[in-house]
1. At 222 nm, what helix-only mean residue ellipticity would the chain give, in deg cm²/dmol to the nearest 500, using -39500 (n - 2.57) for each DSSP H run of four or more?
2. Show which aspartates and glutamates lie in cross-link reach of LYS65 when reach means a straight Cα distance below 20 angstrom and same-chain residues fewer than eight apart are skipped.
3. Relative to the first principal axis of the alpha-carbon coordinates of the chain, what is the inclination of helix 15-33, with its axis defined by its Cα atoms, in degrees from 0 to 90 and to the nearest 10?
4. Quick one: order THR56, THR46, THR28 by neighbouring beta-carbon count within 10 Å, fewest to most.
5. Mind pulling the angle between the C-alpha long axis of helix 72-90 and the longest principal axis of the chain? Nearest 10 degrees, somewhere in 0 to 90.
6. What number, in percent, do you get for the relative contact order of the chain if the mean sequence gap of Cα pairs under 8 Å and at least 6 apart is divided by its residue count?
7. Using the Cα centre as the reference, give the magnitude of the dipole from point charges on the C-beta atoms of the chain (Lys, Arg: +1; Asp, Glu: -1; all else neutral), rounded to the nearest 20 debye.
8. What FRET efficiency comes out for THR55 versus ASP103 if R0 is 41 angstrom and r is the Cβ-Cβ distance? Round to the nearest 0.05.
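Laboratory data are not the source of any read-out in this text; all were calculated from the coordinates shown. The structure displayed is predicted, hence computed values, not measured ones. In this analysis, Cβ positions are derived from the backbone assuming ideal geometry, glycine residues included, and neighbour counts consider all displayed protein chains.
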Amino acid sequence: MPLIKLQTSIAALPSDQTTSLLQSLSTTLAQQLGKPERYVMTLLETDVPMTFAGTTAPACYVEIKSVGQMKPTQTAQMSRLFCNQIASELGIASDRIYIEFADAQGYLWGWNGSTFG
């Protein structure tokens with residue numbers, strides 16, 4: 001049930017660019033967590049009003065959630081990978097990107113009429 005959710009202040013992207021970004025994020029997240037991509041969900045919200053460091057320059061907030069525990073080495077590597085990817089593909093400086101990593105307990109995450117725990 002890995003999830004990667006991006007909220008950003010930049011304007012909406014062309015449909016093909018959005019699809020490409022979401023598919024790339026999905027593949028990368030599955031690889032990083034060692035989980036089947038068939039359970040990965042990606043989400044992109046654009047035009048979100050936000051400030052970072054007191055300015056409205058382009059910024060991005062990312063949530064990465066997964067059932068199980070992520071190790072510090074994993075989150076450090078994912079932070080680097082996803083910050084670089086977002087900076088490259090969306091033109092947002094990596095020092096204007098926050099990423100929140102959250103471990104989810106399986107019984108608190110529902111899917112297909114059941115839970116993962």
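1. Values: 2 runs with 38 residues, N = 117.
Taking each H run of at least 4 residues, the total per residue is -11000 deg cm²/dmol.
2. GLU37, GLU45, GLU100, ASP103
3. 50 degrees
4. On the way: THR56 10, THR46 15, THR28 18.
Arranged by neighbour count, lowest to highest, THR56, THR46, THR28 become THR56, THR46, THR28.
5. With both axes taken from Cα atoms, the answer is about 40 degrees.
6. On the way: 185 pairs, mean separation 35.7, N = 117.
Dividing the mean separation by the residue count of the chain yields 31 percent.
7. Working: 7 positive and 9 negative charges, 66 e Å.
It works out to roughly 320 debye.
8. Numbers: r = 32 Å, r/R0 = 0.78.
After rounding to 0.05, the efficiency reads 0.80.
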